[in-house]
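Student: Shown below is the structure under consideration.
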Amino acid sequence: MTDREVESHSEVALESSDSVSADRRTVVKGIAAAGLGAGVALPTYLRGFDYSAAAYGAQTSAPVKMGFIEDESGNLSVYGIQKLHAAQLAVSEINDGKTLKGAPDIGAGVLGAAASIAKNPPVISKDGTSLAIVDDGGDKSPVDLAYVEDAEILIDSGEKGILGRELKLLSSDGQSNNAVWQQLARKLIQEDKVDVLVAGFASAEREAIRPIVDQFKQLYFYTNQYEGGVADANTFCTGPVCEQQVIPTVQYMVEKFGPKCYTIAADYNFGQLTAAWTKAFIPLVSGKIIGEEFIPLSVSEFSQVIARIQAAKPDWVMTLLVGQNHHNYYPQAAAAGLKYPMASTVNMAQGYEHKRFAPPSLARMHNAIQYQLEVPTARNRAFVKRWMTMFPDDPYIGEMAQNTYFTIHLYAKAARLAHTVDQQKVKRCLEMGWTIEAPEGSVFLEPGTHHCAHPIRLAYCDEKHNVRFVRDWPMIQAWWLQRLGVNLIRTPEFKQYTPDEDPYFKMFAL
Amino acid sequence: MDVIGVVASVAYQFCTNAAFLLLCALGLIIILGMMNIINLAHGELMMMGAYAASASYSRGAPFWLASIIAFVVVGMFGAALEMTIVRRFYGRELGALVVTWGVSLVLSQGFLLLFGPFMPPIQIPEGNIALGQYSFSYYWLAMFVVAALLVVALWWLYNHTDIGLQARATMQNPAMARALGVDTRRIYMMTFTLGAGLAGLSGALLAPTTSIMPFMGQQFVASAFITVVVGGATNVVAGAVGSSLLLSLVKTPVGFFLGAFLGSVALLLAALIIIRLLPDGISAAIQRRLDLRNRIR
Amino acid sequence: MASPFSLLNGSEDLGRGPIFWAGAAIVIALFLAVPLYLSDFAAYNVSYYLLNIPMALGLCLLWGYCGVLSFGQVAYFGIAGYAYGVIAGNLVGQSWGPALGSLGGLIAAAIVAAIFGYFVFFARVQMWILPILTLVLTLLLETFLGQTAGYQWRVGVVQLGGYNGMTGIPAFQIGAFVLSGYAFFYFAFCIALVCYVACRMLVNSRHGKVMLAIREDALRTEMLGYDIRVRQWLVFILAALLSALSGLLYVQWGNYITPSQVGLLSAALPVIWVAVGGREKLLAVVISTYALNWLNYRLASSGNQYALVIIGALLVIVMVFFPRGLVVTLADLAGRRSTLSKTSTARAHG
């Protein structure tokens, strides 16, 4: 990408203004970040930056302790076991002297990417009246993405472990039970005195342990995709959030299939908030919600829901369904002959429904994901190969497993830069803002909000349950907390923001 | 809105709801009626049925054969369970409840460890009919027919075979039946085997509409228990049918017009009220009616 | 009228005589001396084992002494926890807020139990129906609480929080003194001890005998002129209050509650504690509740995927081979050797 092109994109970000100008401009900026997130090569002075233990002298040889809690038994173990394997893979690589490419972005807040260069980045409407993409960079090849990036991201770190010390994974089983989660977090923090904590699938689990994390100022990574809004000086959220997924999805669906959307969402926090995001941002692309329905997590029989959707005749259906009971919707809708295109932010990438259900249950599903096993890049193929060598029986690698993987590598890199595993110092180093080359692409850790900008791809599932990527955004920021003025470096906070604190949502969604 | 479409849609939902409740409850209510034991591992037996069906289906067996295999496999497991554990709890209803709960914990987590988090899916038999703006799945309609056939088969088994006669005798008065030479232990074992087998069959039949995983049993238990409680244990077949039809009659309109959550609330409230009015369940009321008519005749 | 000590030393629970009471005194002394040999963190964990004891005692009264099994005790646990969170959360800064919240939690649980109990006991439903109905009630409560993430579910300044749960629930305080660390441990210990002593006196009282009579033969008891419906109903409410007490302690301990606290898995736990210990003896239930919570914590913290299998298998084995419960059977064995002491199992933890 040339400088001129960068300029043209900045212009886009500044255009567009009318009644809701302030809000809309930020929205546009968030999406336009796609255009910005490219082209900055890794500064040469950081290449080969060698933080080996020999250079700085290890004070101790005791292992670095990484606390890890996931659900290895009980209802949520489906995801927990995947994440555990991700952690084991990352830890074994670190102890074998490997690291992922990546470096701090000097000058906190500057969006940069270390290696991913799009040939044809998407161009967002220049009229300033809508968010339509006028040029999506040309047809995407079904077997490869349109931009070039490093094929191999795993390189030598120059030392075994972290600062010459072995990285030890203290993994414990949350049993899908929040009281157990609290006990385990306390044990890892107070008794084992872990240097870093990586934990949490469900938002409820994160909220269960976050007060404990804050009480002891524990460095904590939450690696799951979630509903967004956590502004916590001790917590780093490395998964994608609503604004990164909902808006690209809605935009594509309205453009391609039409404005009328019917939302069915799980009746709990994640579903309700994601539905609120959909409702708040669909007017920007001239779409509208013609029906919205929240379904209790215990419902597993969907004939009534299907009947109501049929009566409403939408152009497409937003399915924000979560949990094993809700997954039954897809085969039941397919059997009832429901042929509407579907969009989601959770399916395929997390629960690999397209592998678990017989075709064509998930046909015509669209999801803006940051990672799933099928991402057709050389670096991802290499990652999948490494994973499957270590865990040959694993059925799938989902986004939260990949997040856990790169997060642990990110921690190791930050600790090397800090020359210590002292939690406050590692936190300061993480707050340099980092770009790390993950299997999904370049991920940028935004320092002020402790969230990550991710490359986003629109995955499409066909009748035979093959996944193709029909559009990609090289990088989308998690901009909502920035918009609310969160800067955890200057003003530490320890709360979770909800959309009712944002006046924009009051206009459309609440 | 086209009137025919809405009517057909509500009727269709009524049928699917009733078929779902009946399939969930059938195995449970047979065991309950015969030996007054609530089998809390019922959901896990359904899960095993789905696993057996999935395993045989993915090895090339057609779906109907896979369902029969599920019936046989889970029935055999039920027989083993009866001989090793359940047998010791006859006459101790609450003890049986607790021990089967333990079995359910072991089964669900054990299956997770043995077979991993998911089984290969079963393709839902395709096809649907469209009526106005609504379309209806053949599969659920077929489920309704299958559920009805199962009920008829059970009715025939209980009323027109020797074993059925012995079973009814055992149900009414075990001591007297024993005195008349009925091997009640054998009857108990056969009942438990049949109940488990039916749970397995139901699990297999519902498997195409769901994801097959170790904790899938949990989604059926609440519906199954409510149906059984409302049905009561006096007359197994009548209770199951009456209760699933009645509950579906409550759930369908509430769920359609007021949403899914209020649909399940209505289900529980209906159950509480019916039990307050008919403490022994619908089946006792139906049985009284039948007895009365026989006496008049 | 029996004297308090004769009620305490009655025959309806494990342990009588001087050696037992000496052992009990040692155990109590060991708990009181916890700050001398356990860290802040370990005492915090012990508080968790202790705070489950009232709920287990309630179920023990209901099931072991009255013959009424409930799978839904966690419903009252959750109702009290949520009610406390709402009331105390709205009165942050007021020193009497937590006390009022606790009172509100107990009242809310009692009201729900009274209404629900009215339907089932006065309908004289068969005893196998009650566990199912209580289970369904608690699952429905979980479903209800799970869908309260929206802003319409805000009570004053407190958000019910849906599936993510209610966060930032205030700790208990007496005057300006906020209970945490060792202070909370003593608080939980005292409540558990008081509940146990009160239950023990209850079962040895006249009312306790009637409860036992109902368990042994409901019809005969009724013929003797007791209204068994009212008796069962009252015990049901008492058990709900004990569960509510555990729920209050739980939210004061973790400052947090979620709907999964009233879900299927949580509902199973009290039944397991009571069944494994021995439902017909209060002390056995106290010991097994403490020991199983400790065991579960050990299994979980070692990252053992077999935790649920082990707990489930333990339940099956105990039900099949020690139908009266593990602790009761052990106590009987010990009692056969010497009729005096049963304290050896009282110290299950390290």
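Student: Going through A:Phe391, A:Phe357 one at a time, which residue ends up being surrounded by 23 or more Cβ atoms within 10 Å (Cβ to Cβ) and at negative phi?
Tutor: Values: A:Phe391 fails: surrounded by 23 or more Cβ atoms within 10 Å (Cβ to Cβ).
Criteria check complete, one pass: A:Phe357.
Student: Right, next: Residue by residue through the range A:352-385, note down the ones that are in contact with a helix residue (DSSP H, G or I) (Cβ under 7 Å, 6 or more places away or on another chain) and either farther than 29 Å from A:Gln477 by Cα or facing another protein chain (nearest Cβ under 10 Å) (or both).
Tutor: Result: A:Glu353, A:Phe357, A:Pro360, A:Ser361.
Student: Here are the criteria: (1) in contact with a strand residue (DSSP E or B) (Cβ under 6 Å, 6 or more places away or on another chain); (2) not in a loop (DSSP other than H, G, I, E, B). Tell me which single one A:Lys427 does not satisfy.
Tutor: Of everything listed in (1) in contact with a strand residue (DSSP E or B) (Cβ under 6 Å, 6 or more places away or on another chain); (2) not in a loop (DSSP other than H, G, I, E, B), A:Lys427 misses just condition (1).
For every residue, the table says whether it meets (1) out of contact with any Asp or Glu (no Cβ under 9 Å at 6 or more places or on another chain); (2) closer than 22 Å to A:Lys83 by Cα; (3) surrounded by fewer than 23 Cβ atoms within 10 Å (Cβ to Cβ); (4) of a type in the set (A, V, I, L, M).
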site: A:Thr404; (1), (2), (3), (4): no, yes, no, no
site: A:Lys413; (1), (2), (3), (4): yes, yes, no, no
site: A:Lys427; (1), (2), (3), (4): yes, no, yes, no
site: A:Gly441; (1), (2), (3), (4): no, yes, no, no
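Student: Please enumerate the residues belonging to the range A:457-510 that are assigned to a loop (DSSP other than H, G, I, E, B), of a type in the set (D, E, K, R) and under 18 Å from A:Thr274 (Cα atoms). Quick ask: steps written out before the conclusion?
Tutor: Quick first cut of the range A:457-510, residues assigned to a loop (DSSP other than H, G, I, E, B) only: A:462-466, A:477-479, A:484-493, A:497-498, A:502, A:509-510.
Filter again for of a type in the set (D, E, K, R), leaving A:462-464, A:490, A:493, A:502.
Correct list: A:Asp502 only.
Student: Considering only the range C:155-163, I want to know if a residue exists there that is touching a Leu at 6+ places or on another chain (Cβ under 8 Å), at pLDDT 90 or above and either within 7 Å of another protein chain (Cβ to nearest Cβ) or part of a helix (DSSP H, G or I) (or both).
Tutor: Initially, the range C:155-163 is screened for residues touching a Leu at 6+ places or on another chain (Cβ under 8 Å), giving C:160, C:162-163.
Within this subset, residues satisfying the condition of being at pLDDT 90 or above are none.
Within the range C:155-163, not a single residue is touching a Leu at 6+ places or on another chain (Cβ under 8 Å), at pLDDT 90 or above and either within 7 Å of another protein chain (Cβ to nearest Cβ) or part of a helix (DSSP H, G or I) (or both).
Student: Given the options C:Ile79, C:Ile129, name the one that is touching a residue at least 40 places away in the same chain (Cβ under 8 Å), β-branched (Val, Ile, Thr) and either in contact with a Ser or Thr (Cβ under 8 Å, 6 or more places away or on another chain) or crowded, with 23+ Cβ neighbours inside 10 Å (or both). It would help to see each step written out before you state the result.
Tutor: Working: C:Ile129 fails: touching a residue at least 40 places away in the same chain (Cβ under 8 Å).
Every option except C:Ile79 fails the conditions.
Student: Name the single residue that is nearest to A:Tyr252 (Cα to Cα) among those in the range A:457-473 being over 20 Å from the mean Cα position of the chain (by Cα) and among the acidic types (Asp, Glu).
Tutor: Narrowing the range A:457-473 to residues over 20 Å from the mean Cα position of the chain (by Cα): A:462-466.
Remaining after also requiring among the acidic types (Asp, Glu): A:462-463.
On the way: A:Asp462: 16, A:Glu463: 19 Å.
The qualifying residue nearest to A:Tyr252 (Cα to Cα) is A:Asp462.
Student: Turning to a different aspect of this structure: If you scan the range C:118-148, which residues turn out to be within 13 Å of chain A (Cβ to nearest Cβ) and over 20 Å from the mean Cα position of the chain (by Cα)?
Tutor: C:Leu140, C:Thr143, C:Phe144, C:Leu145, C:Gly146, C:Gln147, C:Thr148
Student: Please work out if B:Gly232 is on the phi > 0 side of the Ramachandran plot, within 14 Å of chain C (Cβ to nearest Cβ) and not basic (Lys, Arg). If you could, list the steps in order and put the result at the bottom.
Tutor: On the way: on the phi > 0 side of the Ramachandran plot: yes; within 14 Å of chain C (Cβ to nearest Cβ): yes; not basic (Lys, Arg): yes.
Criteria met by B:Gly232.
Student: Looking at A:Pro492, A:Pro447, A:Pro455, can you tell me which residue is touching a residue at least 12 places away in the same chain (Cβ under 8 Å) and over 29 Å from A:Phe216 (Cβ atoms)?
Tutor: Numbers: A:Pro492 fails: over 29 Å from A:Phe216 (Cβ atoms); A:Pro447 fails: over 29 Å from A:Phe216 (Cβ atoms).
It is A:Pro455.
Student: Taking the condition of being surrounded by 24 or more Cβ atoms within 10 Å (Cβ to Cβ) and among the small types (Gly, Ala, Ser), how many residues in the range B:76-103 meet it?
Tutor: The qualifying residues number 3.
Student: Let me ask something else. For the condition on the phi > 0 side of the Ramachandran plot and of a type in the set (A, V, I, L, M, F, W, C), what is the one hit in A:Met348, A:Met318, A:Met342?
Tutor: Working: A:Met318 fails: on the phi > 0 side of the Ramachandran plot; A:Met342 fails: on the phi > 0 side of the Ramachandran plot.
Step by step, each of A:Met348, A:Met318, A:Met342 is checked, and only A:Met348 is on the phi > 0 side of the Ramachandran plot and of a type in the set (A, V, I, L, M, F, W, C).
Student: Going residue by residue through the range C:63-71, is there one that turns out to be within 11 Å of another protein chain (Cβ to nearest Cβ), in a helix (DSSP H, G or I) and closer than 24 Å to C:Phe189 by Cβ?
Tutor: Yes.
Student: Anything in the range C:164-206 that is part of a strand (DSSP E or B) and touching an Asp or Glu at 6+ places or on another chain (Cβ under 6 Å)? List them, or say none.
Tutor: Matches in the range C:164-206: C:Thr167 only.
Student: Looking at (1) within 14 Å of chain C (Cβ to nearest Cβ); (2) assigned to a helix (DSSP H, G or I), can you tell me which one B:Pro117 breaks?
Tutor: The failed condition is (2).
Student: Here is a follow-up. Only residues that are more than 7 Å from chain B (Cβ to nearest Cβ), farther than 23 Å from C:Leu140 by Cβ and outside any strand (DSSP E or B): list them for the range A:292-329, please.
Tutor: Result: A:Ile306, A:Ile309, A:Ala312, A:Pro314, A:Asp315.
Student: Another one. Whether any residue in the range A:319-331 is modelled with pLDDT of 90 or more, surrounded by fewer than 24 Cβ atoms within 10 Å (Cβ to Cβ) and of a type in the set (A, V, I, L, M) is what I want to check.
Tutor: no
Student: May I ask you to list the residues in the range A:330-351 that are within 21 Å of the chain's Cα centre (by Cα) and facing another protein chain (nearest Cβ under 10 Å)? Steps first, please.
Tutor: The first filter runs over the range A:330-351 and keeps only residues within 21 Å of the chain's Cα centre (by Cα), leaving A:342-351.
The answer is A:Gly351, and nothing else.
Student: Look at the range C:238-271 and say how many of its residues are within 13 Å of the chain's Cα centre (by Cα), modelled with pLDDT of 90 or more and among the hydrophobic types (A, V, I, L, M, F, W, C).
Tutor: At the first step, the residues of the range C:238-271 found to be within 13 Å of the chain's Cα centre (by Cα) are C:238-250, C:266-271.
If we keep only those that are modelled with pLDDT of 90 or more too, we end up with C:238-250, C:270-271.
In the following step, the residues that additionally are among the hydrophobic types (A, V, I, L, M, F, W, C) were identified as C:238-242, C:244-245, C:248-249, C:271.
Adding up the residues that qualify gives 10.
Student: Could I ask something else about it? Of the residues in the range C:246-278, how many are more than 12 Å from every other protein chain (Cβ to nearest Cβ) and either over 25 Å from C:Gln147 (Cα atoms) or not in a helix (DSSP H, G or I) (or both)?
Tutor: 2
Student: Of the residues that make up the range C:9-24, is at least one closer than 27 Å to C:Ala291 by Cβ and within 14 Å of another protein chain (Cβ to nearest Cβ)?
Tutor: The answer is no; no qualifying residue exists.
Student: Turning to a different aspect of this structure: Identify all residues within the range B:241-297 that are surrounded by fewer than 18 Cβ atoms within 10 Å (Cβ to Cβ), within 13 Å of another protein chain (Cβ to nearest Cβ) and basic (Lys, Arg); write none if there are none.
Tutor: B:Arg276
Student: Being closer than 22 Å to C:Met55 by Cα, small (Gly, Ala, Ser) and buried (at least 19 other Cβ atoms within 10 Å of the Cβ) is the filter here, so list the residues in the range C:82-109 that pass it.
Tutor: Matches in the range C:82-109: C:Ala83, C:Gly85, C:Ala88, C:Gly101, C:Ser102, C:Gly105, C:Ala108, C:Ala109.
Student: Starting from the range B:258-280, take each residue that is farther than 15 Å from B:Val229 by Cβ and list its partners that are modelled with pLDDT under 80 and in a helix (DSSP H, G or I), counting only C-beta distances under 6 angstrom and pairs at least six apart or across chains.
Tutor: Close Cβ pairs satisfying both conditions: B:Gly263/B:Gly255.
Student: Then there is this: Go over the candidates C:Ser47, C:Ser70, C:Ser39 one by one and state the one that is buried (at least 18 other Cβ atoms within 10 Å of the Cβ), more than 30 Å from C:Phe121 (Cβ to Cβ) and out of contact with any strand residue (DSSP E or B) (no Cβ under 9 Å at 6 or more places or on another chain). Explain how you work it out, then say what you get.
Tutor: Working: C:Ser70 fails: more than 30 Å from C:Phe121 (Cβ to Cβ); C:Ser39 fails: buried (at least 18 other Cβ atoms within 10 Å of the Cβ).
Residue meeting the stated conditions: C:Ser47.
Student: Restricting to the range A:162-179, and then to whatever is out of contact with any strand residue (DSSP E or B) (no Cβ under 8 Å at 6 or more places or on another chain) and of a type outside the set (S, T, N, Q), can you tell me which residue is farthest from the other protein chains (Cβ to nearest Cβ)? Let's see the steps before the verdict.
Tutor: At the first step, the residues of the range A:162-179 found to be out of contact with any strand residue (DSSP E or B) (no Cβ under 8 Å at 6 or more places or on another chain) are A:164, A:175-177, A:179.
This time we only want the ones that are of a type outside the set (S, T, N, Q), so: A:164, A:179.
Values: A:Gly164: 26, A:Ala179: 7 Å.
Among those that are out of contact with any strand residue (DSSP E or B) (no Cβ under 8 Å at 6 or more places or on another chain) and of a type outside the set (S, T, N, Q), it is A:Gly164.
Student: Suppose we filter the range A:189-210 for residues that are aliphatic (A, V, I, L, M) and either within 8 Å of chain C (Cβ to nearest Cβ) or over 14 Å from A:Val64 (Cβ atoms) (or both); how many remain?
Tutor: First, the residues of the range A:189-210 that are aliphatic (A, V, I, L, M): A:189, A:194, A:196-199, A:202, A:204, A:208-209.
Okay, now just the ones that are also either within 8 Å of chain C (Cβ to nearest Cβ) or over 14 Å from A:Val64 (Cβ atoms) (or both), so A:189, A:199, A:202, A:204, A:208-209.
Counting residues in the range A:189-210 that are aliphatic (A, V, I, L, M) and either within 8 Å of chain C (Cβ to nearest Cβ) or over 14 Å from A:Val64 (Cβ atoms) (or both) gives 6.
The values are calculated or read from the model by the stated rules, or taken from the named source; none is laboratory data. Predicted model, so just to flag it, every value in this text is computed and none were measured. Cβ: placed from backbone, ideal geometry, glycine included. Neighbour counts: every protein chain shown.
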